[in-house]
Protein chains: 2
Amino acid sequence: MLHDPAQLDLMFQALADPARRQMVDRLSRGPASVSQLAEPLAMSLSAVVQHLNVLEASGLVRTEKLGRVRTCRIEPQALRAAEHWINERRLAWERRLDRLGDFLAETKDES
Amino acid sequence: MLHDPAQLDLMFQALADPARRQMVDRLSRGPASVSQLAEPLAMSLSAVVQHLNVLEASGLVRTEKLGRVRTCRIEPQALRAAEHWINERRLAWERRLDRLGDFLAETKDES
DNA sequence: GCAATACTGAAGTGATCACTTAACTATTGC
DNA sequence: GCAATAGTTAAGTGATCACTTCAGTATTGC
């Protein structure tokens with residue numbers, strides 16, 4: 001379910017916005033409330049909540065409400081899924097280059 | 001220059017679209033012309049060229065025109081930069097959890 | 001209980017996005 | 001040289017995005 005293309009889509013879309021990446025960055029240093037997340041951002045609390053909802057829908061962030069405070073934390077498995085998608089494509093390319101290199105080296109030996 | 005936040009922004013924005021990710025996926029298996037990239041996609045050539053321009057502007061893809069054929073290939077360093085951004089945040093979080101675990105284990109020993 | 005805090009939700013707006021069509025240029029094969 | 005191929009460019013459109021403001025609700029501290 002982590003490699004579900006629809007989920008992947010939501011994750012990359014979530015990461016596409018600089019404000020949301022800044023929020024993820026902040027959360028990578030530890031859990032935070034909505035107001036704490038909002039504090040360094042030059043936008044209304046309301047806008048931050050909307051970004052937060054995007055992050056939560058993507059699975060990158062999980063939140064939990066206790067009393068009037070919503071505490072947010074990163075979901076590392078989701079980050080790992082996005083990371084993995086990129087990594088697989090890069091490795092596929094690099095392995096291809098390696099094979100090509102080997103092939104060229106071999107044909108050189110045979111000449 | 002690879003960790004330039006503006007470039008990172010362009011890269012994540014480029015990866016946010018499923019058609020563009022499909023193009024990157026195709027290119028991870030080897031270089032391709034614009035028409036080859038377009039072939040599996042249910043959209044006009046023109047739309048594909050527009051997506052390709054986004055990918056190229058982000059640095060994820062490099063293209064080279066020979067005669068009337070534009071050949072596209074992946075730029076693994078750019079993929080690595082996006083990968084690295086995610087990886088750093090995930091690791092920061094996981095290291096934090098580890099330290100927290102150690103701390104809890106220690107205070108347990110002392111009880 | 002009442003003010004301050006911490007969010008939440010709806011409605012609106014202007015900007016950007018992902019396309020389309022259509023007209024065009026440049027290159028190649030015959 | 002002429003048709004087919006390969007891509008490019010511009011203009012337009014409807015959908016989605018990233019906000020805003022404003023009016024609300026629930027919780028907490030005193």
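The values are calculated or read from the model by the stated rules, or taken from the named source; none is laboratory data. In this text, all values refer to a predicted model and were calculated from it rather than measured experimentally. Neighbour counts run over all protein chains shown; Cβ positions are idealised from the backbone, glycine included. Each accessible area value is taken on the protein alone, full model and side chains, heavy atoms only, with ligands, DNA and RNA left out. Shrake-Rupley method; radii C 1.70, N 1.55, O 1.52, S 1.80 Å.
Before we move on, is A:ARG96 of a type outside the set (A, V, I, L, M) and in a helix (DSSP H, G or I)?
yes
Could you list, in sequence order, all residues of segment A:1-52 that are of a type in the set (A, V, I, L, M, F, W, C) and within 11 Å of DNA strand C (Cβ to nearest atom)?
If the condition is that a residue be of a type in the set (A, V, I, L, M, F, W, C) and within 11 Å of DNA strand C (Cβ to nearest atom), then A:PHE12, A:ALA16, A:ALA32, A:VAL34, A:LEU37, A:ALA38, A:LEU45, A:ALA47, A:VAL48, A:VAL49, A:LEU52 are the ones that fit.
If we scan segment B:62-80, do we find a residue that is within 8 Å of DNA strand C (Cβ to nearest atom), open to solvent by 20 Å² or more (accessible area, probe 1.4 Å), part of a helix (DSSP H, G or I) and not aromatic (Phe, Trp, Tyr)?
no
Would a scan of segment B:41-48 turn up a residue that is open to solvent by 40 Å² or more (accessible area, probe 1.4 Å), assigned to a helix (DSSP H, G or I) and more than 14 Å from every other protein chain (Cβ to nearest Cβ)?
The answer is yes; a qualifying residue exists.
Mind checking which residues of segment B:7-33 are hydrophobic (A, V, I, L, M, F, W, C) and open to solvent by less than 60 Å² (accessible area, probe 1.4 Å)?
Listed by number, the residues that qualify are B:LEU8, B:MET11, B:PHE12, B:ALA14, B:LEU15, B:ALA16, B:ALA19, B:MET23, B:VAL24, B:LEU27, B:ALA32.
Hey, does segment B:65-75 have a residue that's within 11 Å of another protein chain (Cβ to nearest Cβ) and either touching a residue at least 60 places away in the same chain (Cβ under 8 Å) or out of contact with any Phe, Trp or Tyr (no Cβ under 6 Å at 6 or more places or on another chain) (or both)?
Scanning segment B:65-75 turns up at least one residue that is within 11 Å of another protein chain (Cβ to nearest Cβ) and either touching a residue at least 60 places away in the same chain (Cβ under 8 Å) or out of contact with any Phe, Trp or Tyr (no Cβ under 6 Å at 6 or more places or on another chain) (or both).
Would you point out which residue out of B:ARG90, B:ARG95, B:ARG29 is more than 22 Å from the chain's Cα centre (by Cα) and under 23 Å from A:ALA81 (Cα atoms)?
Working: B:ARG90 fails: more than 22 Å from the chain's Cα centre (by Cα); B:ARG29 fails: more than 22 Å from the chain's Cα centre (by Cα).
Among B:ARG90, B:ARG95, B:ARG29, only B:ARG95 is more than 22 Å from the chain's Cα centre (by Cα) and under 23 Å from A:ALA81 (Cα atoms).
Under 6 Å between Cβ atoms, which residue pairs at least 6 apart in sequence (or on different chains) link something in segment A:2-24 that is closer than 16 Å to B:GLU83 by Cβ with a partner that is open to solvent by 30 Å² or more (accessible area, probe 1.4 Å) and at pLDDT 95 or above?
A:ALA16/B:GLN13; A:VAL24/B:ARG89
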